[in-house]
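Q: What follows is a structure written as structure tokens; I'll ask about it next.
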Amino acid sequence: MKVVAWIVALPVALLVAGALATLVVTSVLESRYPPSGRFVDVPGGRLHLIERGPPDAPVTILLIHGASGNAADPVLALGDRLARSARVLAFDRPGHGWSDRIGGADAHSPARQAAVLREGLRALGVERAVVVGHSWGGAAALAMALDHPEAVSGLVLISPVSHPWPGGAVSWYIGPTTADILGTLFTRTLTAPLGLALLKPAEAAVFTPQDPPADYVNRARIPLVLRPRTFKANAEDIAHLHAFLTRQAPRYDAIRTPTTIIAGDVDRVVWTSIHARGLERQIPGARLVVLPETGHMPHFAHAERVAAEIGRLVDAAVTAGR
């Protein structure tokens with residue numbers, strides 16, 4: 001009987017310890033990484049916004065971050081460079097960073113998130129922007145160009161995920177996190193302590209073959225994704241992405257927005273051969289820039305080159321009066 005009691009008690013004790021650790025980690029993270037920008041009210045909640053550059057600049061650039069991140073990532077890489085000639089806006093996507101999870105049952109959809117970000121621009125009085133999306137954010141940027149073309153004066157896609165790919169989402173944490181009951185238990189007991197241990201290996205994998213910038217995880221506020229609600233939102237975004245792109249990908253030939261696609265030739269996170277080259281084939285007049293010996297983070301590995309490519313579309317928007 002004592003053995004049975006221990007068999008029952010040990011997992012319970014581990015879960016309780018994990019729950020307490022999660023509460024502590026979440027509190028520490030929110031204290032260490034408080035909102036660094038301001039909040040914008042939109043239908044359904046609030047979005048957290050980081051801004052750079054003059055509000056009266058002739059062109060606005062909207063930066064849309066990828067999975068597991070927040071607005072601090074693209075701003076860290078490109079914000080100051082782009083602010084030399086434009087107003088730069090970067091929202092935490094719904095459910096990420098400090099933004100509310102807006103959209104209900106469809107909050108994971110890139111199209112729904114694009115619509116929420118469009119509302120964020122409207123709240124700021126911005127009618128048109130050069131939209132820049134990285135990785136998962138590329139799917140949202142494409143949705144904005146398709147569903148809200150009047151709001152997009154130029155489209156820049158950095159290592160974008162855009163097409164269905166073999167195998168779908170296979171990350172180890174997707175299933176446990178998105179399950180109805182197990183997901184709540186998993187995110188409130190295990191993901192924060194486990195995630196802290198896995199941050200550095202994950203960082204290395206995303207940047208390979210480049211080295212990450214010094215103190216990237218801290219400066220980009222990546223640990224915020226380990227909070228239970230954010231972890232769950234991130235997993236939902238990834239879990240539903242393959243099915244969404246299966247529906248969206250056939251529409252890309254309808255995009256008429258000037259488009260530049262930037263990708264690395266050794267990206268092991270989002271395959272350039274499927275996504276970037278697929279977009280080049282489908283979007284009329286799209287410009288593809290493939291950077292040699294570059295992985296999934298070209299906006300860090302080649303920040304000046306990426307900023308220059310964005311600048312080309314900014315200049316074109318100024319010339320066209322967009």
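Q: Checking ALA139 against (1) closer than 30 Å to VAL318 by Cβ; (2) touching a Lys or Arg at 6+ places or on another chain (Cβ under 9 Å); (3) crowded, with 16+ Cβ neighbours inside 10 Å; (4) in contact (Cβ under 8 Å) with a residue 40 or more places away in the chain, which single condition isn't satisfied?
A: (2)
Q: Now a separate question. Within the stretch 56-74, identify whether any single residue is surrounded by fewer than 23 Cβ atoms within 10 Å (Cβ to Cβ), free of Cβ contacts under 8 Å to residues at least 40 places away in the same chain and not in a loop (DSSP other than H, G, I, E, B), and answer yes or no.
A: No, the stretch 56-74 has no match at all.
Q: Out of all the residues in the stretch 163-170, is one or more crowded, with 17+ Cβ neighbours inside 10 Å, under 14 Å from the mean Cα position of the chain (by Cα) and either assigned to a loop (DSSP other than H, G, I, E, B) or not β-branched (Val, Ile, Thr) (or both)?
A: No, the stretch 163-170 contains no residue that is crowded, with 17+ Cβ neighbours inside 10 Å, under 14 Å from the mean Cα position of the chain (by Cα) and either assigned to a loop (DSSP other than H, G, I, E, B) or not β-branched (Val, Ile, Thr) (or both).
Q: Turning to a different aspect of this structure: Would a scan of the stretch 19-38 turn up a residue that is outside any loop (DSSP other than H, G, I, E, B), farther than 22 Å from THR187 by Cβ and modelled with pLDDT of 95 or more?
A: Scanning the stretch 19-38 turns up at least one residue that is outside any loop (DSSP other than H, G, I, E, B), farther than 22 Å from THR187 by Cβ and modelled with pLDDT of 95 or more.
Q: Could you please find all residues in the stretch 118-130 being within 9 Å of LEU89 (Cβ to Cβ) and part of a helix (DSSP H, G or I)?
A: GLY120, LEU121
Q: Tell me, please, whether a residue that is farther than 19 Å from TRP136 by Cβ and touching a Pro at 6+ places or on another chain (Cβ under 6 Å) can be found in the stretch 274-292.
A: There is at least one residue in the stretch 274-292 that is farther than 19 Å from TRP136 by Cβ and touching a Pro at 6+ places or on another chain (Cβ under 6 Å).
So that you can scan it fast, the table gives a plain yes or no per residue for (1) in contact (Cβ under 8 Å) with a residue 24 or more places away in the chain; (2) assigned to a helix (DSSP H, G or I); (3) farther than 16 Å from LEU157 by Cβ:
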| residue | (1), (2), (3) |
| --- | --- |
| LEU288 | yes, no, no |
| GLU293 | yes, no, yes |
| ALA307 | yes, yes, no |
| GLY311 | yes, yes, no |
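Q: Still on this structure: Please work out if ARG268 is within 17 Å of VAL130 (Cβ to Cβ), touching a Ser or Thr at 6+ places or on another chain (Cβ under 7 Å) and surrounded by fewer than 20 Cβ atoms within 10 Å (Cβ to Cβ).
A: no
The values are calculated or read from the model by the stated rules, or taken from the named source; none is laboratory data. Note that the structure is predicted; figures quoted are calculated from it, not measured. Because the Cβ atoms are built from the backbone with ideal geometry, glycine has one as well, and the counts that use them run over all protein chains shown.
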